[in-house]
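Here it is: the structure, laid out below.
The values are calculated or read from the model by the stated rules, or taken from the named source; none is laboratory data. Here the structure is a predicted model, which means the values were calculated and not measured. Every residue, glycine as well, gets a Cβ built from its backbone with ideal geometry; the counts of neighbours run over all protein chains shown. To get the accessible areas, we keep the full protein, side chains included, count just its heavy atoms, and leave off ligands, DNA and RNA. Shrake-Rupley method; radii C 1.70, N 1.55, O 1.52, S 1.80 Å.
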Amino acid sequence: IYQRLGIPTVATVIWATDQILRRITPTASTSEWQDASGAVQLCEVTAHKDWYGRPITLIEELTKARVAFITRLGEATVPTINTVIQDGDLIHVMVANTEIKNVEQTLAKSPEGSR
């Protein structure tokens, strides 16, 4: 609520710790939202460095996930077909729960190994 009102706040210890650990050890996806049925999630995923310089649409081509948005330099952006993955991008995908592991495995290796 404070953030929406533009009031700067200090995050709670648990939230801050979680955010730091997510940046230091980005090994698995992190669920940010889940629908009421539990079938679909919005997840932050980490891509292997070989994905840098590749079009964001390649993720959708090689997985059963939809790229919802990326966070680049602290600013969220809805990607277009011209968006290219860059070092430091946080990629947020909508994915069925049954496909999360497949998405993680695909993004953990080079795109050439995923084809």
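Between D35 and L73, what length comes free when the chain is fully extended (0.36 nm per residue of separation minus the Cα-Cα distance, one decimal in nm)?
Once the chain is fully extended between D35 and L73, it gains 10.9 nm.
State in Å² the accessible area per residue of the stretch 30-115; use a 1.4 Å probe, count heavy atoms of protein chains only, and round to the nearest integer.
Ligands and nucleic acids excluded, the result is 57 Å² per residue.
If I model a spin label as a point 7 Å beyond the Cα along the Cα-Cβ vector, how far apart are those points for I20 and D50 in nm?
Label at I20, label at D50, 3.4 nm between them.
Can you pull out the trypsin sites (Lys or Arg not before Pro) in the stretch 50-108 whose DSSP state is coil and whose Cβ has at most 14 other Cβ atoms within 10 Å?
K64
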